[in-house]
1. Of all the residues that make up the stretch A:9-20, how many are more than 21 Å from B:R115 (Cα to Cα) and near DNA strand D (Cβ under 8 Å from one of its atoms)?
2. Would you pick out the residues in the stretch B:266-283 that are touching a strand residue (DSSP E or B) at 6+ places or on another chain (Cβ under 9 Å), within 11 Å of another protein chain (Cβ to nearest Cβ) and not polar (S, T, N, Q)?
3. Exactly one condition in (1) closer than 20 Å to A:T232 by Cα; (2) exposed (fewer than 15 other Cβ atoms within 10 Å of the Cβ); (3) modelled with pLDDT of 95 or more is false for B:G278; which is it?
4. Right, B:V284: touching a residue at least 60 places away in the same chain (Cβ under 8 Å), farther than 22 Å from B:D188 by Cα, of a type in the set (A, V, I, L, M, F, W, C) and surrounded by 24 or more Cβ atoms within 10 Å (Cβ to Cβ) or not?
5. Residue by residue through the stretch A:21-36, note down the ones that are over 42 Å from the mean Cα position of the chain (by Cα) and more than 9 Å from DNA strand D (Cβ to nearest atom).
6. Among the helices (runs of 4 or more DSSP H) contained in the stretch B:228-321, which hold 3 or more residues that are more than 22 Å from A:G230 (Cα to Cα)?
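The values are calculated or read from the model by the stated rules, or taken from the named source; none is laboratory data. These numbers come from a predicted model, not from an experiment. Here Cβ is always computed from backbone atoms with ideal geometry, including for glycine, and neighbour counts include all displayed protein chains.
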2 protein chains.
Amino acid sequence: MGRMPTVDDVAQAAQVSRQTVSNVINSPEIVRETTRQRVQEAIDRLGYRPHASARRLRTRKSSTIGVRLDPLRDGISGAVLDRFVHKLAEQADARDLRVMIFTADGNADELAHIRRLRDGSDVDAFVLIGTDHGDSRIAWLVENRVPFVSFGRPWGAETPDPHHRWVDVDGRAGVRDAVRHLRANGADRVAWIGWPSPSGTGDERRAGWEESCGLEGADRVALAVATEDGVTEGRRAAAALLELPEPPDAIMCASDSLALGATMATQAAGLARLPIVGFDNTPVAAAVGLSSIEQPLDEVVAAALTLLFGEHGDDVQPNPDSDEEPGHRLLVPRLVERRSSHLALDGNPGA
Amino acid sequence: MGRMPTVDDVAQAAQVSRQTVSNVINSPEIVRETTRQRVQEAIDRLGYRPHASARRLRTRKSSTIGVRLDPLRDGISGAVLDRFVHKLAEQADARDLRVMIFTADGNADELAHIRRLRDGSDVDAFVLIGTDHGDSRIAWLVENRVPFVSFGRPWGAETPDPHHRWVDVDGRAGVRDAVRHLRANGADRVAWIGWPSPSGTGDERRAGWEESCGLEGADRVALAVATEDGVTEGRRAAAALLELPEPPDAIMCASDSLALGATMATQAAGLARLPIVGFDNTPVAAAVGLSSIEQPLDEVVAAALTLLFGEHGDDVQPNPDSDEEPGHRLLVPRLVERRSSHLALDGNPGA
DNA sequence: CCGAATAATTCGAACGTTCAAAATGAACGA
DNA sequence: TCGTTCATTTTGAACGTTCGAATTATTCGG
C-alpha cells in the first residue's frame with residue numbers, strides 16, 4: 001500500500017487547485033457544479049480521505065468528545081451508563097464527532113486526564129457522567145473554561161452556576177407516576193426501597209414516592225427502607241418489609257438491582273404476586289418481567305450534544321456566560337409496564 | 001485564556017532551539033542535563049503541552065486504538081465486553097495510547113467505520129471484540145493491511161491465517177475445571193445449559209463439559225440443553241432438566257444469565273441446594289453468591305496490546321507476515337468459588 | 001462592447017510538531 | 001597548536017490541511 005493521496009494529488013488529477021478540492025469537501029456550495037463533479041470524481045477514484053490530524057491542526061478543533069468510562073459497580077445499574085456511552089457514540093457519529101474514552105482513579109485523576117486531553121487538543125469537550133453532591137469537578141471545569149456538559153444535576157448548589165450546562169432525568173416525576181400506577185392498580189400501601197441519604201438522585205426519587213404514596217407520618221417512615229444498591233441488599237430490605245405487622249402491598253424500588261432482590265424476597269416468602277417496580281429498565285428487568293422506569297437516554301444524549309455543539313454543527317460552544325437561554329434540560333422518564341406491576345390484577349401466579 | 005504555548009515559546013523562554021525542546025520531551029537522554037532542567041523548568045512554568053494533532057501529522061501515527069462498542073444484548077454477559085473496554089482504556093493509558101470508540105450496525109458498517117477512521121489517520125489499530133464463525137471482517141482487515149487484534153479466535157478457519165493476531169480465553173478448560181470441581185464436591189450427574197450450535201465459544205465450552213462430566217451416550221445427551229442466552233431461558237431450561245426422570249444433581253451453565261435463571265428455577269422447585277456454576281463472573285454473580293468462571297481480562301488486554309504494539313512501545317506492529325512468532329495467545333480462566341457450588345457440602349439452605 | 005459587479009478559483013502562508021542534516025562546542029591525543 | 005572524534009545544539013524543511021487575500025472568469029446593465 002502506497003501512501004494515501006492528499007489534496008494535492010486530487011487537485012492535480014482534477015486539474016484544479018488545492019483549495020478548490022478543499023472547498024468541494026467543506027463548502028461545496030461555493031464551487032461551480034461542473035467543477036464539483038470533476039473533483040468529486042477524482043476524490044472517489046483516488047480514494048482520497050482528508051487527514052484528520054492535519055485538518056485539526058489547521059482548524060484548531062478536534063471534533064472529539066471525551067468521556068470517562070467507569071468500571072461498573074453493579075453490572076445492572078451500571079448498564080445505564082453503558083447504554084449512555086453507546087448512544088453517545090452513535091449520535092456523535094451522526095454529527096461527525098468522535099468519542100474518546102479514558103479511565104480515572106478518582107475525581108482528581110479525572111481532572112488530570114481532562115487537562116491532558118484538552119491541552120493536547122485531543123478533545124474539544126467533555127461529558128461528565130454522574131454528578132455528586134457538591135461535585136468538585138464542575139467548579140474546576142468552569143474555572144478552566146473547559147467546555148463540558150454533565151449528565152446529572154449540580155446537586156447541592158444553592159445558586160445554579162450559569163456556566164454549567166447539564167441534562168438530567170426527572171426521577172421524582174418518574175417515581176411519582178409509577179407509584180400512582182401501582183395505586184391505580186389497587187395497591188394501598190406502596191413501600192419504598194432506596195438508597196441512603198444524602199444522594200442527589202436517590203433523594204429525588206424518594207421524594208417522588210413520598211409525595212404520591214398517600215401515606216403520612218410514622219406509617220410512611222415505616223414503609224421506607226434505605227440500603228446500598230445491590231441485589232442482595234434489595235432482598236434483605238424487602239424481606240424486612242414483609243415482616244412488618246402491616247406489610248406493604250406493593251414495592252417501589254430505586255433501582256432494578258434492588259427490585260430484582262425484592263422479587264426474590266417476595267418469591268421466597270410465597271408472595272409472588274406482590275407488585276414491584278424498578279428503575280432504569282435494564283435488560284435484566286426485561287428478562288424477568290419487571291416493570292421499570294426507563295430513562296430516555298436518546299433524548300438525554302441529544303440534549304447533551306445540542307447544549308455542547310448547538311442544534312446541528314460540530315463547533316463546540318463555550319460554556320455560557322449568562323443564563324439567557326437555559327443551559328440545561330430536565331427530561332421525563334416513562335414507566336415500562338410489565339408483569340411485575342400487574343400481578344394484583346391478572347390471574348397468573350408468578351410463572 | 002490566551003493561546004497555548006508552543007515549542008517555540010518554550011524555546012525562547014529557555015534560550016534554546018525548538019528542536020532541543022522537542023528532544024527534552026521525546027529523548028531526554030540525548031540532551032545535556034543542565035539544559036534539560038532549564039527547558040523542563042520553562043515547560044512547567046509555561047504549562048506547555050505538545051499539540052497532539054501537530055505531532056501526529058508529523059510522525060504519521062495517531063497512537064490511538066479503535067474499538068467498536070456494541071449495545072449490550074443482555075446486560076449481564078455484555079458486562080464482560082464492557083469490562084474489557086474499560087481495561088483497554090486503562091492499559092492503553094499506561095502506554096500513552098488513546099482509545100476511540102464507535103458503533104456500527106452490522107459488520108459491513110463496522111468495516112466502513114474502520115476504513116474511515118483509518119484513512120483519516122484517526123486510528124492506528126483496531127481491536128475486534130468477539131468473532132463469529134467464518135468472520136468476514138478478518139479477511140477484509142488482513143486484505144487491507146489494517147493492523148488489528150481480535151478478542152476471539154478465528155472460528156471455523158481450517159488453516160489459521162498467519163496475518164491474524166488474536167487473544168482468547170480457553171473456555172473449554174475453564175468449564176472442564178469447574179465440572180471437576182462440582183464432581184469433587186459430590187455431584188454425579190452434572191447437567192449442561194448452553195447455547196445452540198454452531199457457536200464457536202459455546203461449542204467450545206460445551207466440549208469442556210462433555211469431556212469431564214463422566215457421562216456417556218443417551219444419558220449425556222439428556223442432560224445437555226441448548227437455549228438462547230438469557231435469564232428467562234435459563235430458568236426454563238433448568239426447570240425442564242429438573243423434570244427429568246433422572247434429574248441432574250448439579251448444573252453447569254455457559255453464562256451467568258443462564259445460571260441466574262437456573263438458580264431461580266431450582267429455588268422455585270424447592271431445590272435451593274442444587275449446585276450451579278455460571279460463566280463470566282459478572283457482578284450479578286457476585287451479588288447472588290453464584291460460583292462462576294472468570295475470564296482474565298487483565299491478561300487478555302495486556303496480551304492484545306503486546307501483540308499490537310510490542311512489549312512496551314506505542315509503535316504499532318504491522319500484521320505479521322509469517323507465523324514465526326505466535327500471533328496469538330490462549331489464556332486460562334479460573335473458577336471463582338462461591339456458595340452456589342458448595343451447597344451440597346455446607347449445611348445452609350440457600351439463605 | 002465596456003465597466004462594474006459578482007462568481008469562481010488560485011496563491012501564499014500558517015497551524016505546531018519532528019526529521020535529517022548541518023553546525024557548533026568540548027575533549028583529547030599527537 | 002592542530003586535527004579528530006564525539007557530544008550537543010541548531011537550522012531548514014516537511015507533514016496535509018484550511019484561512020485570508022488576491023486573482024481570474026463570468027454575468028449583466030447600459
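1. 2
2. Correct list: B:D280 only.
3. (2)
4. For B:V284, the condition - touching a residue at least 60 places away in the same chain (Cβ under 8 Å), farther than 22 Å from B:D188 by Cα, of a type in the set (A, V, I, L, M, F, W, C) and surrounded by 24 or more Cβ atoms within 10 Å (Cβ to Cβ) - is met.
5. Once the filter is applied, which keeps residues that are over 42 Å from the mean Cα position of the chain (by Cα) and more than 9 Å from DNA strand D (Cβ to nearest atom), the stretch A:21-36 yields A:E33, A:T34, A:T35.
6. Per the criteria, B:231-243, B:297-309.
For (1) surrounded by 21 or more Cβ atoms within 10 Å (Cβ to Cβ); (2) small (G, A, S), each residue gets a yes or a no:
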{"residue": "A:G130", "(1), (2)": "no, yes"}
{"residue": "A:W140", "(1), (2)": "no, no"}
{"residue": "A:F148", "(1), (2)": "yes, no"}
{"residue": "A:H163", "(1), (2)": "no, no"}
{"residue": "A:V179", "(1), (2)": "yes, no"}
{"residue": "A:G202", "(1), (2)": "no, yes"}
{"residue": "A:E211", "(1), (2)": "no, no"}
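So that you can scan it fast, the table gives a plain yes or no per residue for (1) charged (D, E, K, R); (2) in contact with a helix residue (DSSP H, G or I) (Cβ under 9 Å, 6 or more places away or on another chain); (3) farther than 18 Å from A:P318 by Cα:
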site	(1), (2), (3)
A:R38	yes, yes, yes
A:A52	no, yes, yes
A:R68	yes, yes, yes
A:L88	no, yes, yes
A:I101	no, yes, yes
A:H113	no, yes, yes
A:A125	no, yes, no
